[in-house]
Each structure stands twice: as structure tokens, then as C-alpha cells.
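Report on the following structure.
The values are calculated or read from the model by the stated rules, or taken from the named source; none is laboratory data. This one's a predicted model, so the numbers in the text were calculated from it and none came from an experiment. No Cβ is skipped: glycine too gets one built from the backbone with ideal geometry, and neighbour counts run over all protein chains shown.
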Amino acid sequence: MYQFGFIGVGHMGATLANAVIGAVGSDKCAVCDADDGRAKLYAAAKGCDVLPARGIAEKCRIILLGVKPQNMAELAADIGPVLRDRDGYALVTMAAGITIETLCGMLGFTAPILRIMPNTPAAVGAGCMLYAAGDRLRTEDRDAILAALRPTGELVETPETLIDAGCAISGCGPAFVYKFILALAEAGEHVGLDPATALKLARQTVLGAAALAAESGEDPQTLCGQVCSPGGSTIEGVRSLEAGTFAAEVDKAVRASFDRTVALGKGK
């Protein structure tokens, strides 16, 4: 019997598997993937075993489902008959938009489930992972899962009704930040910096600003005011942002991502 099994080792699945293997050891983990070659390459690199999806369902205590929302119903139909006759297991799902209730409906029975929503910075231990536990999940299993995933970064317990809203910030937000870094770097080029220097300054500035916001405990508006001197250069740039549609465009992006997450959960 394995402690953890991973069905799907794509980008995010592999990121979580890396953290778990680092926490519990490769000998306690098994993996599979729709792309069998990818599963074998991952297992060879990490020293864990490869099993088919039904094998993961049968032989692993904690099973992480790393498949896309569009593929969850097919997977549930495959492993559901195995899990129905088992005790002492837990499922972890990270499929956008699919609630615990919906997944149980796909399986055909009520299963012990932890729903998570990680983000890509988890790959460097700087992630923000939302989680909500189903009623059937045992406390000891929840604690074991969270302990294994803690190396990915911050773990934030969230009511399941707000998981989709939170995902629009933490799950989709990194892409918005990368777009801002790119725009900041390109603007630096427009005022005379070479591309490499502009990108380096943009990346480090965003990293440093986020670190200060996290560690100082100050609200963002206060921190913004600390950079802006009356009549200085920064406040002119901030006024330009405020005069444009910056906040409105960010709001529009978050709403668009939230709406798409909800649609995915409805199979659209």
C-alpha cells in the first residue's frame, strides 16, 4: 500500500507530487498519467512507481486527481467502482469549478474528499493554495495531506462556496502579474533601458513589493503612499494609472476568470 498516489503528472500535478515526495519519500508514492510515457519519465526521475489509474485507486491511501475538469467524469467512472468497495482512503481534487458534491455525483457515491486550488508559484515554494474539506474526510487524512503539501507555500482554508472566487485571484492571478511584469519591462525599454535590464528591474521590483506587502502587514494603499512624495515622480505615475482604466481592467480580468471557472464546473 502506498501513502500517496497521483493520477496526472502534468505541470501542476508534478509540482504537487514533487512536494509530497520531498515530504514523505518516493517509496511511498505512485503515479500515473494519460500519457504513459510522461508517467514513466517522471517516475524514473523521482524513483517512484507507475500504476494504472485503477491501481492508484486500489493501492494508495491518499489519491490526488490531477486531471482537467473536462476529463473528471471519465476518470470518476473508471476509478469509482474500485473506490466504492474501499475504506480508509481520501481523494484530493484540484479541478477548477468542480465541487465536492459534483465529484461525488460523478463517482456515484459520497467519498472523503479534500478540494484544493493550488497555483503555479507552488513550484518554488511560494504558492497560495486554497482548500476545503468534505464532510466525509477524516481529520487525520486532512492533516496528512496538508502536512505533505505545506512545502508548496501558503495553505488557506476557504469555504467551498468561495473556492471559485479565490481561484480567480490566486489561481489565475499569477498570469495577470506576469503580464504586469512584461508591461513594466516594456515601458522601461520605451524610456531607454535595454531589454535585459528592464526585465530584471521589473521582476525584482514586483518580488520586493510583494515581499514588503506580506511582511510589513501594511495595507497596499498605505505602502503606495510611502513611495509617493508630494510633487515627486512616483505620484505622477500613480495618477496616470488612476486616471486610466487600470483597476477596471483588473476587475474585468478577475470576473472573466471567475465566470469561466463556474462554466467549467457546469461542463461548458
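Below, the figures for the structure above:
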{"item": "Selected residue (criterion: nearest to the chain's Cα centre (by Cα)) from residues of the range 96-105 that are on the phi < 0 side of the Ramachandran plot and in contact (Cβ under 8 Å) with a residue 60 or more places away in the chain", "result": "Ala96"}
{"item": "Residue under evaluation Leu193, criteria (1) in a helix (DSSP H, G or I); (2) among the hydrophobic types (A, V, I, L, M, F, W, C); (3) over 24 Å from Cys167 (Cα atoms); (4) modelled with pLDDT of 95 or more, criterion not met", "result": "(1)"}
{"item": "Residue list for the range 137-179, restricted to those being part of a loop (DSSP other than H, G, I, E, B) and either touching a helix residue (DSSP H, G or I) at 6+ places or on another chain (Cβ under 8 Å) or at pLDDT below 95 (or both)", "result": "Thr158, Cys172"}
{"item": "Whichever residue in the range 55-72 is assigned to a helix (DSSP H, G or I) and crowded, with 16+ Cβ neighbours inside 10 Å and, among such residues, is modelled with the lowest pLDDT", "result": "Pro69"}
{"item": "Criterion violated by Thr120 - all others in (1) touching a His at 6+ places or on another chain (Cβ under 9 Å); (2) crowded, with 18+ Cβ neighbours inside 10 Å satisfied", "result": "(2)"}
{"item": "Counted residues, the range 81-123 - those being farther than 24 Å from Thr261 by Cβ and either outside any loop (DSSP other than H, G, I, E, B) or charged (D, E, K, R) (or both)", "result": "7"}
{"item": "Residue that is surrounded by 15 or more Cβ atoms within 10 Å (Cβ to Cβ) and on the phi > 0 side of the Ramachandran plot, where the choices are Gly153, Gly173, Gly166, Gly231", "result": "Gly153"}
{"item": "Extreme residue, farthest from Leu155 (Cα to Cα), among residues of the range 1-49 that are part of a helix (DSSP H, G or I), polar (S, T, N, Q) and in contact (Cβ under 8 Å) with a residue 24 or more places away in the chain", "result": "Asn18"}
{"item": "Ala185 surrounded by fewer than 11 Cβ atoms within 10 Å (Cβ to Cβ), out of contact with any strand residue (DSSP E or B) (no Cβ under 7 Å at 6 or more places or on another chain), more than 27 Å from Gln70 (Cα to Cα) and of a type in the set (A, V, I, L, M)", "result": "no"}
{"item": "Enumeration of residues in the range 138-173 that are among the polar types (S, T, N, Q) and within 13 Å of the chain's Cα centre (by Cα)", "result": "Thr152, Ser170"}
{"item": "Among (1) exposed (fewer than 13 other Cβ atoms within 10 Å of the Cβ); (2) closer than 30 Å to Thr110 by Cβ; (3) not assigned by TED's automatic domain parsing to the domain that holds Gly13 - the single one Gln221 does not satisfy", "result": "(2)"}
